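Notes to accompany the following structure.
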Amino acid sequence: MNSNSQLGVSVDCVVFGYNGDSIKVLLIQQKTQDGGPLTESELQMALPGDLVQAEETLSECAARVLLELTSIEGIFLKQYHSFGDPDRVRGEKDKKWLKTFREFPNKRIITVAYYALVSLHEYYPEASSFAGSIQWVDVDKVPGLAFDHNEIFRYAVTTLRE
């Protein structure tokens with residue numbers, strides 16, 4: 001069985017932060033491995049996310065993702081939707097980045113999305129693992145994101161407003 005016919009599961013987290021005046025979303029900047037083939041212009045902003053490990057639940061994975069990529073822990077995360085388009089990885093930048101970080105970069109991945117709402121004054125994220133940097137971005141100024149993360153983000157905004 002080739003890697004295209006296997007399925008993987010990931011978790012992506014949309015963390016909203018508020019400060020009384022505005023709502024922001026936490027985004028990571030992808031990074032490349034030392035000496036990797038990606039240039040700075042090929043790295044993209046993304047939601048914090050990763051593959052689910054065999055021994056963990058979806059909720060455990062969501063908590064691990066935030067801890068490992070952002071150093072945030074102990075927040076309430078709500079599962080809100082899954083995303084399974086077979087063509088989730090569309091762009092050449094996405095494919096190239098996956099080749100540097102995944103054993104099977106062509107494997108189809110279904111993601112389960114979580115969101116959280118936190119006070120900006122209580123959480124100070126720090127980038128680690130494959131997050132090169134991290135920033136709070138105004139929800140009205142979110143750039144084009146990696147993979148299908150703009151769709152995941154928009155669905156979270158709609159869910160939060162309901």
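Coordinate-derived values only; no laboratory data. None of the values given here were measured: they were computed from a predicted structure. Every residue, glycine as well, gets a Cβ built from its backbone with ideal geometry; the counts of neighbours run over all protein chains shown.
The figures follow:
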{"quantity": "Residues ASP85, ASP12, ASP21 arranged by fewest to most Cβ contacts within 10 Å", "calculated": "ASP21, ASP85, ASP12"}
{"quantity": "Sequence-distant lysines (8 or more away, or on other chains) whose Cα lies within less than 19 Å of LYS93", "calculated": "LYS31, LYS107"}
{"quantity": "Sequence ranges 133-141, 63-71, 114-122, ranked by mean other-Cβ count within 10 angstrom, highest first", "calculated": "63-71, 114-122, 133-141"}
{"quantity": "Packing rank of 149-158, 43-52, where each peptide gets the mean count of other beta carbons within 10 Å, highest leading", "calculated": "43-52, 149-158"}
{"quantity": "Cross-link partners of LYS78 among aspartates and glutamates (Cα-Cα below 15 Å; sequence separation of 8 or more within a chain)", "calculated": "ASP12, GLU60, GLU162"}
{"quantity": "Cβ-based exposure ranking for SER129, SER82, in which fewest neighbours within 10 Å come first", "calculated": "SER82, SER129"}
